[in-house]
Amino acid sequence: MPDDAGHATSARIDFFLLRPDASDASRVAAGARTHMAGFGSTGDVADVEVRRLGPHLHGFVVEDGFTAQGLTIGNTSLVLPDGGTFKLAASLRSSLDNLGAMAGCAERDDCPPDAGYDLTFQVDVDARDASAVAWPLRVRERGDACGQRIDRTHEVAFDTSTMAWRVPPELQRDGCD
């Protein structure tokens with residue numbers, strides 16, 4: 001944990017898009033760069049990877065999350081180049097559970113019926129369209145939520161006018177609904 005970082009302290013990520021230097025092909029230069037905060041917890045970022053998100057489009061996938069008072073939220077963020085900078089193009093859950101909170105209320109015997117949830121969201125790209133600017137996302141939601149077994153797939157389309165994925169509210173929720 002970085003010095004003086006609290007639970008709610010997000011991490012800063014430096015994103016760079018490297019291109020061949022116009023004057024010297026053996027060198028690269030930053031074609032875009034951005035310092036973005038808002039990821040992670042206690043000043044740490046869980047995972048950052050470069051992923052192909054379209055036939056000619058690469059971006060960053062940032063996995064982060066936090067736990068507070070028995071609620072654990074995992075998040076997947078997709079960051080794309082945007083001119084000379086980068087932009088957050090999607091933010092959606094990767095996991096969501098309140099098992100820690102449910103254990104506490106079970107000890108006190110004051111749990112609401114069917115209040116527990118434990119969900120995972122597997123994000124994949126649908127790379128079938130070779131002419132797409134960016135591929136749509138397929139998100140498989142699985143687990144238990146408030147007394148129901150969940151196993152469903154969400155299609156998340158890419159909006160070329162905003163250069164972002166249209167993430168529905170159910171993939172950004174903090175509870176059962």
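Only residues that are part of a strand (DSSP E or B) and either within 14 Å of the chain's Cα centre (by Cα) or within 27 Å of A132 (Cα to Cα) (or both) were counted in region 46-71, giving 18. For beta carbons closer than 6 Å, sequence separation of 6+ or different chains, a first residue in region 70-96 that is over 25 Å from C111 (Cα atoms) and a second that is acidic (D, E) and in a strand (DSSP E or B), the qualifying pairs are N75/D64; T76/E63. Scanning region 167-176 for residues that are part of a loop (DSSP other than H, G, I, E, B) and in contact (Cβ under 8 Å) with a residue 24 or more places away in the chain yields V167, Q172, R173, D174, G175, C176. Considered as a group, the residues in region 128-158 that are among the small types (G, A, S) and in contact with a strand residue (DSSP E or B) (Cβ under 8 Å, 6 or more places away or on another chain) include one that is modelled with the lowest pLDDT, and that residue is A145. For A164, the conditions (1) small (G, A, S); (2) in contact with a helix residue (DSSP H, G or I) (Cβ under 7 Å, 6 or more places away or on another chain); (3) under 18 Å from N75 (Cβ atoms) all hold with the exception of (2).
For region 31-61, the set of residues classified as surrounded by 13 or more Cβ atoms within 10 Å (Cβ to Cβ), aliphatic (A, V, I, L, M) and at pLDDT below 80 consists of A32, M36, V45, A46, listed by residue number.
Restricting attention to region 122-166, the residues that are surrounded by 16 or more Cβ atoms within 10 Å (Cβ to Cβ), touching a His at 6+ places or on another chain (Cβ under 9 Å) and not in a strand (DSSP E or B) total 0.
Restricting attention to region 140-166, the residues that are within 23 Å of G59 (Cβ to Cβ), within 18 Å of the chain's Cα centre (by Cα) and touching a residue at least 12 places away in the same chain (Cβ under 8 Å) total 11. At pLDDT below 90, touching an Asp or Glu at 6+ places or on another chain (Cβ under 9 Å), acidic (D, E) and in a strand (DSSP E or B): does that describe D118? So D118 fails the test.
The values are calculated or read from the model by the stated rules, or taken from the named source; none is laboratory data. Everything numeric here is computed off the predicted structure, so don't read it as measured data. Reconstructed Cβ throughout: ideal geometry from the backbone, glycine too, with neighbour counts over all protein chains shown.
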